[in-house]
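No lab work stands behind these numbers, since they all come straight from the coordinates. Keep in mind that this is a model prediction, so the values were computed, not measured. For neighbour counting, all protein chains shown are included, and Cβ atoms are generated from backbone atoms with ideal geometry for every residue, glycine included.
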Amino acid sequence: VFLAACAPRTEIRQTQAIGSVLPMQFELVEGRTSIERFDPPGAGDQLELTAGAQLRNPNEFGVWIDAITYTVYLEGKRVSRGALAPDTYVEPGATVPVRFDVLTSVAGDNELLTAAVRAFADQPMRFQIDGTVRFRTSTHEYESRNRKLLEGHASARQSVEAPILRLD
């Protein structure tokens, strides 16, 4: 009897099922997507691309976005892997901005080099980002299957201008 009187009183609470859980959705923001920098062979062989997106929570409950793990494909070739840790809360139906920064080498890859040069001549470079999203509610953690997160085309942020020649 003495032990029962010392036991803490707990309240039993009813929980409600949260329904089906939908994966996060990404939407490309073209105004925030571009080739930021291109260093041709002999000048570094680097290509820097930024893909801007809006991540939308299609669920009827809010979630914390813990991690986005992704693989980037340019012109169908895998060029980069990365991860983001946004640690942000997304209300039901709301969106938050997400930015994928890609830095890759074009050395020895003529197809990728040609596509990068064409992007400066108004022929956008095709890209795709595949990956997983890890998110949680106050009671559960989820991770989506590896799938296509985003795809689109990236143009050069600035165009190449012909040199100005002056004859004296």
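General observations
- Global form of segment 19-168, assessed from the alpha-carbon gyration tensor, a/c cut-off 1.5: prolate
- Ellipsoid semi-axes for segment 53-106, based on the Cα gyration tensor and the rule √(5λ), read 27, 11, 8 Å when sorted largest first.
- Using a simple spin-label model with pseudo-atoms 7 Å out from Cα toward Cβ, R147 and Y89 lie 2.6 nm apart.
- Modelled FRET efficiency - R0 30 Å, L22 with R81, Cβ distances, 0.05 increments: 0.75
- Taking 7 Å steps out from each Cα toward its Cβ at A107 and R157 produces label points 2.4 nm apart.
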